[in-house]
Amino acid sequence: MRHADFVHLVRLSEHASAENGKAYRRSLAAFAGLGYAWVLGCLLLAAGTLAWIAGALLHGHFRAFQILGLTAAGGLLWASVRALWFRLEPAAGVRLLPHDAPALFEALERIRRKVKGPALDEVRLDAEFDASIAQRPRWGLLGGARNQLTIGLPLLMALDRQRVLAVLAHEYGHLRRDHGRFSAWIYRTRASWSRLYESLEGQAGPAATLTQGFLAWYFPRFVARTFALARQDEYQADRIAGELVGNGVAAAALAELALKGDWLEQHFWPTHWGQAAAHDLPIGPYAQMRKLLALPLPEAFAQRSLRQALRNHSGFEDTHPVLRDRLERLGVAPGLPAWSQRPAIELMGHKADRWIAHFDHQWCREQATVWKQHHSALGRIRMRIEQLRARRSRNADEWAELGDLERRLRPDAPVRAHYDQALALSPHHGPALQGIFACLPPEQAGQRMACLERLHEGSPQHRWWAAKNAVAALEDDPRHDDEALKLWRIRLKESEAAEARAWAELAEQPVLAHTSPADLNEFERWELEAELACWADLSRTWLLRKEVREFPARRCYLLVLDLPRLAPQQAEAVCRALEPRLGLPGPVLLLWSGQSPELAELRRRVRPLYDTRVAV
């Protein structure tokens, strides 16, 4: 299903729900029943076919063509049984028992009585900055749900007791008795279809092909039709949380959760991974996270993060509404919350330290390989920095590279002088101006905008970057100049059109036209090969530089992957997953060698950049 068709169907479902909620739910039940009917129909067809073949065999009328029917019917029967009795994978985290955290279980029981919801079958603790509740199907589409609550340890570190109870009340609200059973049944059905769809991907055979064809048509439409119900359920859960602890407390919990989650992503995790520069063995994050999450966020960061969160709009990628819409439904004006003073980790009692140590140890074990790779990468950065510093003279590119590398080792490194040296040699050097912009704090708005103006004027290939950051900076400033914002939005639209033309050139056929050998320096090649080595299915790669007429000075690349053990869909998935992880000095288009005869020919004509078949 195309995205536009998906959005259109979601809109139709929203209108239907608003006009007549009961009729909307009846239509959902009927469409869900269609899925069950298809599975049961396939089951009966397969069983009938097998019975007919068995009867023919018993009466001595078996024919050779019936072997094909036996195979097809057996496969269809197996696919139908899998759909009906499909079970989800075991939940993450560790199971908590009442004696592990008595105060937590007492609070959950009070919430259950007030919500008048069913009992919880299982409470789990994991390492996510979140909480979730789900009715996990025991037997796939046949139902038999278990009520499972999962609480994230970082959540207990970040919010006080009342706000954590607001989050848990929201989650428990999904199991409320009024419309919760229907919503939960729809959720379980969607989860079962989703897991079945994923499990059949890439399988061959007539039965698998038939099942995949039906699910490719049915599942996206089922998700779109149920989208409005899922979003309404989120608002209803917020309302229940407000009724239990007060709308002000529920709103403060939502705001603090959003802002501290943003801080973890932007500051805590980059700083934590930065310790790999000095430590070759992983360091557990949660003991340090506990100390830092208990502190108020820096005022400037919190204000900026809140403004960014409030600019978001509820979309179709997630059934959860954005912060602004949820606060509006609660009737609470947006603003910075008073920070939690006494984190709810106390709900875990005397075992809190034990759980923190457990998840620290688990994180270190799971991230050991990635940490070592990151340690090696930071070591290569240090070596490159030493090489650049040892040179008696540097050109503008090398000064800017030195600044970028030192900031990668330490984001607050004093590198402004490196970029100034680059600009002294090349006044419109794009990477140097980008580096200076990154060094300037948001409070120096005038200098930041002047830097972006200079970048936009002097470096055409960086105009989209300049316009994007200028629009974001102006929208983030409540005292911005409206005319300046209007001008930068026009520039952003123009630069987006130029970028689209450049990407069209990069992908135009024949794709190998206007290409030349890659121009990576030793350090850039080191970084690329280190990333490629992390992908076990990758056999060889070829890297070519491609000239793009829209931006002649831009370094653009084609990276062709040889993935001999993967099916086409799997190879495309690897390309999509690898692309954002590459640190090449310009845009890169990833292709796999089986996509066209032209790329297959490349394997014979050009020496690969990276080849796992060559002993190192």
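The values are calculated or read from the model by the stated rules, or taken from the named source; none is laboratory data. The model shown is predicted, which means the values in this text are computed figures rather than measured ones. Because the Cβ atoms are built from the backbone with ideal geometry, glycine has one as well, and the counts that use them run over all protein chains shown. Note: areas computed on protein heavy atoms with side chains; ligands, DNA, RNA excluded. Shrake-Rupley method; radii C 1.70, N 1.55, O 1.52, S 1.80 Å.
Of the residues making up the range 488-527, those that are basic (Lys, Arg) and touching an Asp or Glu at 6+ places or on another chain (Cβ under 8 Å) number 1. Annotation: of all residues in the range 514-539 being part of a loop (DSSP other than H, G, I, E, B) and in contact with a Lys or Arg (Cβ under 8 Å, 6 or more places away or on another chain), the one that is most open to solvent (accessible area, probe 1.4 Å) is His514.
State yes or no: is Arg489 open to solvent by 80 Å² or more (accessible area, probe 1.4 Å), at pLDDT 90 or above and within 30 Å of Gln308 (Cβ to Cβ)? For Arg489, the condition - open to solvent by 80 Å² or more (accessible area, probe 1.4 Å), at pLDDT 90 or above and within 30 Å of Gln308 (Cβ to Cβ) - is met. Residues of the range 274-289 that are open to solvent by 80 Å² or more (accessible area, probe 1.4 Å) and either at positive phi or touching a residue at least 24 places away in the same chain (Cβ under 8 Å) (or both): His279, Asp280, Leu281.
Does any residue of the range 346-363 turn out to be open to solvent by 20 Å² or more (accessible area, probe 1.4 Å), farther than 27 Å from Leu292 by Cβ and over 32 Å from the mean Cα position of the chain (by Cα)? No, there is no match, as no residue in the range 346-363 is open to solvent by 20 Å² or more (accessible area, probe 1.4 Å), farther than 27 Å from Leu292 by Cβ and over 32 Å from the mean Cα position of the chain (by Cα). Among residues of the range 564-582 being of a type in the set (A, V, I, L, M) and assigned to a helix (DSSP H, G or I), the one that is surrounded by the most Cβ atoms within 10 Å (Cβ to Cβ) is Ala571. Restricting the first member to the range 539-555 and to residues that are farther than 27 Å from Arg603 by Cα, and the second to residues that are polar (S, T, N, Q), the beta-carbon pairs closer than 8 Å and six or more apart or on different chains are Phe551/Gln461; Ala553/Gln461. Mind checking whether some residue in the range 183-192 is crowded, with 20+ Cβ neighbours inside 10 Å, over 17 Å from Ser340 (Cα atoms), of a type in the set (A, V, I, L, M, F, W, C) and modelled with pLDDT of 90 or more? No - not one qualifying residue is present in the range 183-192. Being over 23 Å from Ala127 (Cα atoms) and open to solvent by 40 Å² or more (accessible area, probe 1.4 Å): is that true of Gly242 here? Spelling it out, it is not the case that Gly242 is over 23 Å from Ala127 (Cα atoms) and open to solvent by 40 Å² or more (accessible area, probe 1.4 Å). Mind checking whether some residue in the range 500-512 is of a type in the set (S, T, N, Q), open to solvent by 50 Å² or more (accessible area, probe 1.4 Å) and either over 20 Å from Ser459 (Cβ atoms) or in a helix (DSSP H, G or I) (or both)? So far as the range 500-512 goes, yes, one or more of its residues are of a type in the set (S, T, N, Q), open to solvent by 50 Å² or more (accessible area, probe 1.4 Å) and either over 20 Å from Ser459 (Cβ atoms) or in a helix (DSSP H, G or I) (or both). Scanning the range 413-426 for residues that are touching a residue at least 24 places away in the same chain (Cβ under 8 Å), open to solvent by less than 70 Å² (accessible area, probe 1.4 Å) and not small (Gly, Ala, Ser) yields Val415, Leu423. Leu259 satisfies every condition listed in (1) closer than 29 Å to Ala29 by Cα; (2) open to solvent by less than 30 Å² (accessible area, probe 1.4 Å); (3) not polar (S, T, N, Q) except (1).
Each row is one residue, and each column tells you yes or no for (1) in contact (Cβ under 8 Å) with a residue 24 or more places away in the chain; (2) in a loop (DSSP other than H, G, I, E, B); (3) open to solvent by 80 Å² or more (accessible area, probe 1.4 Å); (4) of a type in the set (S, T, N, Q).
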| residue | (1), (2), (3), (4) |
| --- | --- |
| Phe301 | yes, no, no, no |
| Ser305 | yes, no, no, yes |
| Ala309 | yes, no, no, no |
| Glu317 | no, yes, yes, no |
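I'm trying to understand the selection: among the residues of the range 269-299, which are within 23 Å of Arg380 (Cα to Cα) and part of a helix (DSSP H, G or I)? Result: Trp269, Pro270, Thr271, His272, Trp273, Gly274, Gln275, Ala276, Ala277. Listed by position, the helices (runs of 4 or more DSSP H) contained in the range 344-446 that have at least 1 residues being of a type in the set (Phe, Trp, Tyr), closer than 28 Å to Gln461 by Cα and in contact with a Lys or Arg (Cβ under 8 Å, 6 or more places away or on another chain) are 430-439. Applying the condition of being without any contact (Cβ under 8 Å) to a residue 24 or more places away in the chain and in a loop (DSSP other than H, G, I, E, B) to the range 319-343 and asking which residue is farthest from Val223 (Cα to Cα) yields Ala333. Annotation: Trp465 fulfils all but one of (1) surrounded by fewer than 18 Cβ atoms within 10 Å (Cβ to Cβ); (2) within 22 Å of Asp397 (Cβ to Cβ); the unmet one is (1).
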